[in-house]
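To start, the structure under review is shown below, and the notes come after it.
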Amino acid sequence: MAWPRSQTCVGLAFAAGVVGLSLYLGWRGWLRWQPKSIDDPHVRALVARVEQVYASCRSYADTGEVDGPSVGLKITFRTAYAAPGKLRFEFADHDPTDPARGLLICDGTREPMRFGGVDTTLEWRTTYSANVMTWYSGKAKAEKTSVALGVAGLTGLSGGAAHAVPRLLLPDDVHGLRPGQVVDLKLTGTTAVDGFECYVLASKEQQTTWFIDTANLLIRREIDAFTGTTFTISYRPELDGAVDGRLFVKRSSAGIRTNDSGR
């Protein structure tokens, strides 16, 4: 979900991202705890296959963009994942007046960390740890946290892109609404997205539409109007390809510069 950015320090910006996701999940995430499933058995089976593709893949990578009035200029992002538990997500907001960027790196290390549930409570549990860095309003910030809270902190700033795919790649460690938890999800047909034939799965209740590649069952586009403002997340995904292990090397806060590329 896209949240407007304010002229604040980096720490407040990251906190705003956490609050943003808390509100997002507080409104939508209650479905996770309900003993319900998608009404249509055909759609239920299709979505289960989609979620299994992400949860069981050896590796995943994408690049993409977020477009929508509430995010101003275009946000670009990229994701890299290698099983088990290695995740990298980075984004850049190309606003020339106040650009923001963020980087999350999880090297697959599990340790006791503060963990955020969908009810916004925090508890200690053994989970993947992550280093998260943000560059905002000319300042840089770095911290170590759980992958769940790291994703939460970048979700609002990235227009929702930080959450959508990591939620599927690490379903036990990143909370939030998945397509398989949307009870009224319907298959409305197929259409081409960037030249790829896609299933169109739509929810009136969540005001969200997913476009799923019919060949590999990867998400190629998500259109979300749940907050009253329509925004679109577009993906160029790759499954089970070679991923450079150096992408998952954690970086300390020492030496981080405002113009650091995050790469």
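Restricting Tyr128, Tyr136 to those that are buried (at least 20 other Cβ atoms within 10 Å of the Cβ) and within 22 Å of Thr109 (Cα to Cα) reduces the list to Tyr128. I need a count of the residues in the range 105-125 that are modelled with pLDDT of 85 or more, more than 19 Å from Arg167 (Cβ to Cβ), part of a strand (DSSP E or B) and not charged (D, E, K, R). Qualifying residue count, the range 105-125: 1. Taking the range 169-196 as the search range and keeping residues that are under 30 Å from Gly85 (Cα atoms) and modelled with pLDDT of 95 or more, which one is surrounded by the most Cβ atoms within 10 Å (Cβ to Cβ)? Filtering first and then ranking leaves Leu170. Picking from residues in the range 69-114 that are aliphatic (A, V, I, L, M) and touching a Leu at 6+ places or on another chain (Cβ under 7 Å), the one that is farthest from Thr126 (Cα to Cα) is Ala100.
The residues in the range 243-262 that are under 21 Å from the mean Cα position of the chain (by Cα), of a type in the set (Gly, Ala, Ser) and at pLDDT 50 or above can be counted, and the count is 1. In summary, Gly180 fulfils each of the numbered conditions (1) in contact with a helix residue (DSSP H, G or I) (Cβ under 8 Å, 6 or more places away or on another chain); (2) assigned to a loop (DSSP other than H, G, I, E, B) with the single exception of condition (2). Among the numbered conditions (1) at pLDDT 95 or above; (2) crowded, with 18+ Cβ neighbours inside 10 Å; (3) touching a Phe, Trp or Tyr at 6+ places or on another chain (Cβ under 7 Å), the only one that Trp210 does not meet is (3).
Taking the numbered list (1) touching a Gly at 6+ places or on another chain (Cβ under 9 Å); (2) in a loop (DSSP other than H, G, I, E, B); (3) farther than 30 Å from Asp98 by Cα in turn, Leu157 passes all entries but (3).
The values are calculated or read from the model by the stated rules, or taken from the named source; none is laboratory data. Keep in mind the model is a prediction, meaning the values are calculated, not measured. Ideal geometry is used to build each Cβ from the backbone, glycine not excepted, and the neighbour counts take in all protein chains shown.
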